[in-house]
Ligand code: NDP
Ligand code: PYC
């Protein structure tokens, strides 16, 4: 432990975050799910969605924008289709409530989809998909957020930062998992750069006049982000809007109105999952085949696979504790004590 750092076990961090959620109107059941999600992000070094997000959660709860006690309604709408109305609550408790039925349908049919609407997702997506791959399934998920990304060549923000996450079993190793925004950079990382006074790399965003800028404050102050990869990332962002909102009955990123809730930060949209049992694919060495292609990628010169950094960071945190600056720890304690 250095002078400016405390190191918490995962269990202790979960407990601290749970207290914050409960203190701010979240039911104990929902608080545990959200605290585990946020602590897991911090543990894995997914800092754009770790404890840095806690003041945003609290601010949203206190604004009355999100219902921390919401109990989702699950609808069994087809042999391979589950639909969930999150009732204005956070997405993860709605997702956990629907997961047993989703998995039952995947086991019966080989594939099933889950559509969540009227939900607030404020975190990373890998915690949603990685556990499916640990259980032997292939999973893909998308979620939209708040309009802060201009279409390729456009001037007005239409898309959210709209991540796509994918997880697959891989023999002899942790699952192959990637989880990436369809914007050039996640909004969370822009906020972190603005606070730290760091410039962004070129090509991340535009200012309020639509001019390219590397200044995160200009992006946050009326500017916008760009999609990753030009017109190709643009189409991914649009696909995410369609799957997460048009298909689920949720809102598009530019559709919901939070102006009556000062301090609201959690996007009120939808999330979509497709989960596949690879045993139905006709290849009983699927996980070995995935390991094979991953090895080929590494042998061909890619220095690491997506997810590798997280697993290294997780292992270190499990050994040494999750590092938090004293300042951050003090802020969390203050939020927990109210
Ligand atoms: P990054 O660009 O940091 O990483 C995207 C993916 O690429 C990760 O799987 C990462 O793995 C992998 N990766 C990064 N560098 C390399 C490399 N050199 N070689 C191989 N793989 C690499 O993520 P984003 O900034 O795009 O997104 C960050 C998070 O923000 C995501 O978890 C996303 O879900 C979340 N988000 C949530 C939103 C919401 O509405 N809820 C909206 C937008 C984003 P690794 O993690 O191991 O580095
Ligand atoms: O980092 O882009 C982001 C984000 C949006 C909503 C939650 N996280």
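Nothing in this text is a laboratory measurement; each read-out follows from the coordinates by a stated rule. Predicted model only: the values in this text are computed from it and were never measured. Please note: Cβ atoms are built from the backbone with ideal geometry, for glycine as well, and neighbour counts cover all protein chains shown.
How far apart, in nanometres, would the label points at residue 232 and residue 319 be if each is projected 7 angstrom from Cα along the Cα-to-Cβ direction?
Between residue 232 and residue 319, the label points sit 3.7 nm apart.
Using Cα-Cα distances under 8 Å and only pairs 6 or more residues apart, what relative contact order does region 179-254 have, in percent? Don't jump to the answer; show the numbers that get you there.
Working: 103 pairs, mean separation 20.3, N = 76.
Relative contact order of region 179-254: 27 percent.
Distance from the Cα centre of region 179-202 to that of region 308-322, in angstrom?
For region 179-202 versus region 308-322, the Cα centre distance is 23 Å.
With the Cα gyration tensor of region 10-60 giving a ≥ b ≥ c as the square roots of its eigenvalues, does the rule (a/c under 1.5 for rounded; else a/b larger than b/c for prolate; else oblate) give rounded, prolate or oblate? Intermediate results must be reported in sequence, preceding the final value.
Values: a/c = 2.18, a/b = 1.32, b/c = 1.65.
Cα axes put region 10-60 in the oblate bin.
Which ordering of 329, 57 is given by a fewest-first count of other beta-carbon atoms within 10 Å?
Values: 329 19, 57 26.
Ranking 329, 57 by Cβ neighbours within 10 Å, fewest first, gives 329, 57.
Quick one: among 188, 68, 301, which has the greatest mean-square fluctuation in a GNM of the chain with alpha-carbon springs under 10 angstrom?
Among 188, 68, 301, the largest GNM mean-square fluctuation belongs to 301.
Viscosity 0.890 mPa s, temperature 25 °C: what is the translational diffusion coefficient of region 288-338 from Stokes-Einstein with a Kirkwood Rh over Cα pairs, rounded to a whole number of µm²/s? Write down the numbers at each step before the final one.
Numbers: Rh = 14.1 Å.
It comes out at roughly 174 µm²/s.
Multiply the residue separation of residue 214 and residue 101 by 0.36 nm, subtract the distance between their alpha-carbon atoms, and state the gained length in nm to one decimal.
Working: separation 113, 0.36 × 113 = 40.68 nm, distance 4.57 nm.
So the chain would gain 36.1 nm between residue 214 and residue 101.
Determine which residues of region 308-338 fall in the zone a paramagnetic label at residue 62 would reach in this model, i.e. backbone nitrogen under 14 Å from the point 7 Å along Cα→Cβ.
331-338
With r defined as the distance between the Cβ atoms of residue 255 and residue 3 and R0 fixed at 51 Å, what FRET efficiency is calculated, to the nearest 0.05? Mind showing how you got there, number by number?
On the way: r = 48 Å, r/R0 = 0.94.
For residue 255 and residue 3, the calculated efficiency is 0.60.
Would you mind ranking 198, 49, 152, 187 so that the residue whose beta carbon has the fewest other beta carbons within 10 Å leads the list? Please list the in-between numbers first.
Values: 198 12, 49 24, 152 16, 187 21.
In increasing order of surrounding Cβ atoms, one gets 198, 152, 187, 49.
Could you give the length gained on full extension between residue 201 and residue 135, defined as 0.36 nm per residue of separation minus the Cα-Cα distance, in nm?
Details: separation 66, 0.36 × 66 = 23.76 nm, distance 3.81 nm.
Extending this stretch completely gives an extra 19.9 nm.
At a 10 Å Cβ-Cβ cut-off, how would you order 5, 328, 248, fewest neighbours first?
Details: 5 13, 328 17, 248 25.
Ascending number of Cβ neighbours within 10 Å: 5, 328, 248.
Apply the a/c threshold of 1.5 to the C-alpha gyration tensor of region 3-97 and tell me whether it is rounded, prolate or oblate. All intermediate terms of the calculation are to be shown ahead of the outcome.
Working: a/c = 2.49, a/b = 1.73, b/c = 1.44.
Verdict is prolate for region 3-97.
Please give, to one decimal in nm, the separation of the simple spin-label points placed at residue 280 and residue 77, each 7 Å out from Cα toward the Cβ.
Between residue 280 and residue 77, the label points sit 1.9 nm apart.
State whether region 214-270 is rounded, prolate or oblate according to the following rule on the C-alpha gyration tensor (a ≥ b ≥ c being the square roots of its eigenvalues): a/c under 1.5 gives rounded; otherwise a/b larger than b/c gives prolate, and the remaining case gives oblate.
Numbers: a/c = 3.31, a/b = 1.02, b/c = 3.23.
Because a/c hits 1.5 or more and a/b fails to exceed b/c, region 214-270 counts as oblate.
I want to check the label-to-label distance for residue 155 and residue 327. Put each point 7 Å from Cα in the C-beta direction and report it in nm to one decimal.
Spacing of the two 7 Å Cα→Cβ label points: 3.8 nm.
In a Gaussian network model over the chain where Cα atoms closer than 10 Å are linked, find which of 148, 41, 294 has the largest mean-square fluctuation.
Fluctuation is largest for 294.
Name the most mobile residue of 232, 32, 105, meaning the one with the largest mean-square fluctuation, in a Gaussian network model of the chain with Cα contacts below 10 Å.
Comparing 232, 32, 105 in a Gaussian network model of the chain, the most mobile one is 232.
Suppose only helical runs count, i.e. DSSP H with n ≥ 4. What mean residue ellipticity at 222 nm does that imply for the chain under -39500 (n - 2.57) per run, divided by all residues and rounded to the nearest 500 deg cm²/dmol? Mind showing how you got there, number by number?
Working: 11 runs with 133 residues, N = 338.
Computed mean residue ellipticity for the chain: -12000 deg cm²/dmol.
Alpha carbon centre of region 52-81 versus region 212-262: separation in Å?
Going from one Cα centre to the other spans 20 Å.
So if R0 is 45 Å, what FRET efficiency would residue 173 and residue 262 give, r being the distance between their Cβ atoms, rounded to the nearest 0.05?
On the way: r = 47 Å, r/R0 = 1.04.
FRET efficiency, residue 173 to residue 262: 0.45.
Please work out the FRET efficiency for the pair residue 288 and residue 69, using the Cβ-Cβ distance as r and a Förster radius of 45 Å; give the result to the nearest 0.05.
Working: r = 45 Å, r/R0 = 1.01.
With a Förster radius of 45 Å, E is 0.50.
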